[in-house]
């Protein structure tokens, strides 16, 4: 009986790990997503296969790849917006990385929580003030919902 109970617990534990891995394996951030924040403001994010992010808001697209800047102190420079994803257990780490003339100028750390293959939660630490990037009540106002745009 004791061996039987141990075998059942072991099976359930492995099934849980497999379910988490399968959920991550089925998730692909590449594509177009509508991001909605806690105030119900929204915009579209586009994650490309080659690691670039673009933004669409009010009908305008800001291309994340080789964007030629035209005004202000950065006029004439080329900007790139990229992303990196790394799985760390239950969550997925997401970094948004900004480049100016091929030199990294900013990195915004974040975390992604998969709801299903077409929906996830993302929290970004723009001010780098979080002690830990967690999906908690304290960080509720910083959590955005991303839903895949189906075509």
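Please treat every number below as a calculation from the coordinates, not as lab data. As the structure is a computational prediction, the values presented were derived from the model and not from experiment. Cβ coordinates were reconstructed from backbone atoms using ideal geometry, including for glycine residues, and neighbour counts include every protein chain displayed.
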Strands (runs of 3 or more DSSP E) enclosed by segment 25-67 - at least 1 residues per element that are farther than 20 Å from residue 82 by Cβ: 31-36, 42-47, 60-62
Residue satisfying condition, being over 21 Å from residue 43 (Cα atoms) and surrounded by 14 or more Cβ atoms within 10 Å (Cβ to Cβ), within set 88, 105, 78: 78
